[in-house]
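Structure, as structure tokens:
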């Protein structure tokens, strides 16, 4: 992994024409790097390995139906109540089922705003085990590390460079070139990082912008 300072230095080298920061200051380049790190996550639906480590465990408070989501939350993966898997629902579906709040053991949950809600008012302080896909934050300080491995650096730099060249003081044609280079690299990364276990013979291959599931066959 590289530090924010190393990423910014690489970005200046990529841009070339502004080594002293007279056009794009360090602060502006840091913003582009932050946006690039977010874009890479978005382009793989926040399913990179690093996005899948989110977990939160908390105890329910009797008669309290909603709880704050983690600040880095993107979407749920698995929610369990005292070891029992809860099913996802919506507020609308529950309103159609119940005319008033009821208490008891939760069997369903839903996400609304920045909170996770349960289908009933819990009547006991059992534990919620909450797995989720999380948003990775860009490094704050120059010595802080990128959330992605070294393989991702050039993609970060290419997209950040695209943002710089897309700015009012940039160049449209160069921006298009950088974006095309980024697209090639992100496709390479998604192909390189789709395997988690060699025992899993299911994989995905990219065909342009369409992802197709396939089965590996051994002969």
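A short reminder: the numbers here are calculations on the coordinates, not readings from a lab. If you're wondering where the values come from, they're calculated on a predicted model, not measured in any experiment. Virtual Cβ from ideal backbone geometry, glycine too; neighbours counted across all protein chains shown.
By how many degrees, 0 to 90 and rounded to 10, does the Cα axis of helix 153-166 deviate from the longest principal axis of the chain?
Its long axis makes an angle of about 70 degrees.
Scattering from the C-alpha atoms of region 51-134 alone, worked out with Debye: what is log10 I(q)/I(0) at q = 0.15, 0.21 1/Å?
For the requested q values the scattering log ratios are -0.50, -0.97.
Who wins for biggest fluctuation among 110, 98, 132 in a Gaussian network model of the chain, springs between alpha carbons below 10 Å?
98
In which sequence would 23, 33 go, from the one with the fewest C-beta neighbours within 10 Å to the one with the most?
On the way: 23 13, 33 23.
Final ranking by Cβ density, sparse to dense: 23, 33.
May I ask for the distance between the Cα centers of region 26-57 and region 129-145, given as a whole number of Å?
8
Rounded to the nearest 500 deg cm²/dmol, what is the calculated helix-only ellipticity per residue at 222 nm for the chain, with -39500 (n - 2.57) per DSSP H run of length n ≥ 4?
-10500 deg cm²/dmol
Give the angle, between 0 and 90 degrees and rounded to the nearest 10, that separates the Cα long axis of helix 172-192 from the longest principal axis of the Cα atoms of the chain.
Once rounded, one gets 50 degrees.
Where the centre of each part is set by its Cα atoms, how far does region 93-122 sit from region 160-191, in angstrom?
Computed from Cα coordinates, the inter-centre distance equals 45 Å.
Can you give the % of DSSP beta bridges in region 73-137 that are antiparallel, to the nearest 5? Provide the component values of the computation, followed by the final result.
On the way: 13 of 17 bridges.
Counting DSSP beta bridges with both partners in region 73-137, the antiparallel share is about 75 percent.
Please build a GNM for the chain, connecting alpha carbons under 10 Å apart, and tell me which residue among 125, 138, 36 fluctuates the most.
Fluctuation is largest for 125.
Can you tell me, using C-alpha contacts under 8 Å and at least 6 residues apart, the relative contact order of the chain as a whole percent?
26
Measure nothing but the geometry: give the 0 to 90° angle between the long axis through the Cα atoms of 4-15 and the longest principal axis through the Cα atoms of the chain, rounded to 10°.
So the inclination is approximately 50 degrees.
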